[in-house]
Every structure is written in C-alpha cells, then in structure tokens.
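Right, one structure below, let's go through it.
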Amino acid sequence: MSGKLRIGIIGCGDFLRLRAADLLSSRQVEVKLLYSPVNSANAERYAEIFGAKAADSPEAIINDPEIDVVCVFVPPFVRKEYVLAAAKAGKQIVATKPLAADLSDAREMTEAVEQAGVRCGVIYRREPIIRLLKLIKKYFQEENSVSWRFTSRIGSTTILRGTAGPRTPKKMVAHSWTLCCII
C-alpha cells in the first residue's frame, strides 16, 4: 500500500466530533466516505469538512474498493452488523470501545474477523485516532515496523501494548498505545 490510508466512517456523532481535528491534520489518512445511520445531515456536514462524500448507505462504504479501513463509530448495540459486513468484504476495521454490547456479539464479531483474515482495532483510550490508523498503515507497508508487546489474551482476542515512532538517544518520541486486536 502506498500513499494515504483511505477510510470510510460509519457514524458521525460525538466520537467523530472529538476526533475530526486529528483526522484533518493527518497527512497519513484521507477520509473518503461518511455515513450517519441517525442523521444524514451530519454525514453531509462532515463530508464538506473533510472534502469527502456522504454515502447513501453503510454498504456504499463497506463495498467501495477505494476504502482501505472502515471506521465504525456507532454505539455498541448497533455495531455488530457493520463489523460483520466489513469483515466479510475484507476491510480492515477500527471501532470504539466497547466492541460489543454483550459477549455473544463480541464472539460473533471475533469469529467473523478471524475467518476473513482482517484486522479489527478497538480504541480503548481517548488518544488521537491517527495513531491507530498509522499503525494499520505501517502494518500494510512493513509488518515489523511497530513495537508490539503481548499483555493478555481473552479467548482469541489479544490485548497488546506498544509504541510507534522515532527514538533518539536523548529523547524518546514514541507514542504509547493500548490496542485490542482480534487476530
């Protein structure tokens, strides 16, 4: 993969409002499509802000061959259908915490992601989303460019902690992060 990571966003509510500046300031990602299941005016407003397009449906994002990552920024009780569809389409996925409303939904999403052979990152900290998206991009470019440290495992879900970024002898300019990966 070269160039910017192209993302589609499902859910244009509070989480996107909090992270819009991070996405806008990044030279690593490009928001291409947005869809709001609650208010299409929100998707249109954010599309204008990002220089992107508002999608008519979540399927328009999930099935678009130009989209590398589907960001699912909706509440956990409606997230499952989007994660399952994105995994089936072979898309990488980023979601907000918690992954699911209950354990059975989380297991179903985990199995779908594993079967599809894609990655699903769940943001567990309120750190800039760009860090997670950069990690996904680095994974595409060179799998060993990010420092991963296994911390725990719950079923087939692995909790990882790590750092990414340049280091110098005098000063470490790395970013710490916590990521729940379904591997």
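Lys32: which aspartates and glutamates have alpha carbons under 16 Å from its alpha carbon, excluding same-chain residues fewer than 8 sequence positions away? Cα-Cα hits under 16 Å: Asp22, Glu44, Glu48, Asp56, Glu59, Asp64, Glu66, Asp68. Subtracting the Cα-Cα distance of Glu66 and Asp14 from their residue separation scaled by 0.36 nm leaves 16.2 nm.
If r is the Cβ-Cβ distance from Ala41 to Lys97 and R0 is 41 Å, what FRET efficiency results, to the nearest 0.05? Mind showing how you got there, number by number?
Working: r = 27 Å, r/R0 = 0.65.
Computed FRET efficiency for Ala41 and Lys97: 0.95.
On the basis of the beta-carbon distance and an R0 of 22 Å, Ser25 and Phe77 show a calculated FRET efficiency of 0.10.
We did not get these values from a lab; they are worked out from the coordinates using the rules stated. The model shown is predicted, which means the values in this text are computed figures rather than measured ones. All Cβ positions, even for glycine, are placed from backbone atoms using ideal geometry, and neighbour counts span all protein chains on display.
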